């Protein structure tokens with residue numbers, strides 16, 4: 001019952017806060033205007049991420065006050081760091097949505113939020129040995145790995161945010177699977193379980209308004225906040241990095257490929273363009289909702305598979321995912337060129 005309450009309460013708060021965020025964004029003209037790279041044809045209010053953050057934070061505070069978030073794996077300092085780091089991202093996102101910050105200005109907030117997490121003691125302490133057992137890693141390596149992991153997840157969801165409902169939906173799917181993973185290894189009613197469900201509920205309440213055609217967008221703060229929480233949850237859920245990679249495998253590989261291509265062309269690696277997989281799916285004829293549902297299905301399928309796979313199986317699944325991504329990306333390019341020349 002407490003799990004259902006966590007999910008439902010976050011959903012209700014998110015629903016209410018999203019309505020208010022939309023009104024405020026329209027009142028102060030904090031909107032995403034149409035542009036050549038963008039799909040929408042009219043200004044869409046931003047600040048949706050603020051609604052998710054407020055719903056997540058308020059629900060988390062309620063359960064924290066009840067003593068349901070802290071356990072032997074999550075301390076009060078960890079919870080405070082998660083909330084403070086999220087607040088920093090939302091503030092930075094607001095400034096970017098309002099004043100269109102330069103990339104260097106955008107980068108400061110994710111780095112600061114990640115450092116706060118690390119200072120609170122959250123780090124990668126071990127990895128599972130595919131041949132059996134656990135491999136402990138040094139504190140320095142664990143902190144460094146956590147830093148780049150969280151930043152990587154932040155920029156994965158940031159760059160993934162190109163279609164209505166894509167980031168909020170995949171974040172909800174990822175959080176629900178992390179919740180299921182926590183049931184298999186953690187203590188009953190663990191802090192990890194509650195945090196994952198609170199995140200899922202917050203995203204689902206927002207998704208009602210973010211589903212195509214979207215009535216409100218996440219905005220910069222929301223897109224990075226989702227990746228931030230997924231990165232942190234993957235660590236505190238027992239360093240389930242492989243599980244998170246399977247859930248987010250396609251977005252991660254897509255972002256990695258786009259970043260490599262941009263660097264090779266001498267462009268900014270975080271500069272937005274229309275070469276992402278989700279845009280390619282539209283180019284070959286999928287509807288907006290069809291492309292989003294296709295990516296939902298892949299994330300859910302590999303995420304659910306991770307629940308039943310041993311460590312060796314997860315590594316094999318990652319290899320299969322990479323291979324399929326390469327084949328699929330190549331096929332999309334061929335189909336796109338064929339349609340363009342037709």
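Hey, rough spin-label estimate for residue 301 and residue 263, points 7 angstrom out along Cα→Cβ, what's it come to in nanometres?
3.0 nm
Extension gain residue 95-residue 4, at 0.36 nm per residue separation less the Cα-Cα distance, in nm? Could the numbers behind the result be given before it?
On the way: separation 91, 0.36 × 91 = 32.76 nm, distance 3.49 nm.
My answer for the length gained is 29.3 nm.
Can you put 174, 193 in order of Cβ neighbours within 10 angstrom, beginning with the fewest? Working shown, then result.
Numbers: 174 31, 193 25.
So the ranking, lowest neighbour count to highest, is 193, 174.
Computed FRET efficiency, Cβ-Cβ of residue 320 and residue 70, R0 30 Å: what is it to the nearest 0.05? Intermediate results must be reported in sequence, preceding the final value.
On the way: r = 38 Å, r/R0 = 1.27.
Once rounded, the FRET efficiency stands at 0.20.
Could you sort 12-18, 293-299, 110-116 so that the peptide with the highest average Cβ count within 10 Å comes first and the rest follow in order?
Details: 12-18: 21.6, 293-299: 17.0, 110-116: 19.9.
Listed from highest to lowest mean packing, they are 12-18, 110-116, 293-299.
Please quote Rg/Rh for region 2-248 to two decimal places, taking the Kirkwood radius as Rh and restricting both calculations to Cα atoms. All intermediate terms of the calculation are to be shown ahead of the outcome.
On the way: Rg = 17.4 Å, Rh = 17.9 Å.
When Rh is taken as the Kirkwood radius, the ratio is 0.97.
So how much slack lies between residue 108 and residue 27, counting 0.36 nm per residue of separation and subtracting their Cα-Cα distance, in nm?
Details: separation 81, 0.36 × 81 = 29.16 nm, distance 2.80 nm.
Between residue 108 and residue 27, full extension yields 26.4 nm more.
Per the Cauchy relation, a quarter of the hull surface: what is the mean projected area of the convex hull of the alpha carbons in region 1-133, in nm²?
On the way: hull surface 48.3 nm².
Computed as one quarter of the Cα hull surface, the answer is 12.1 nm².
Readers should treat all values here as calculations from the given coordinates under stated rules, not as data from a laboratory. Everything numeric here is computed off the predicted structure, so don't read it as measured data. Every residue, glycine among them, receives a Cβ derived from its backbone with ideal geometry; neighbour counts consider all protein chains shown.
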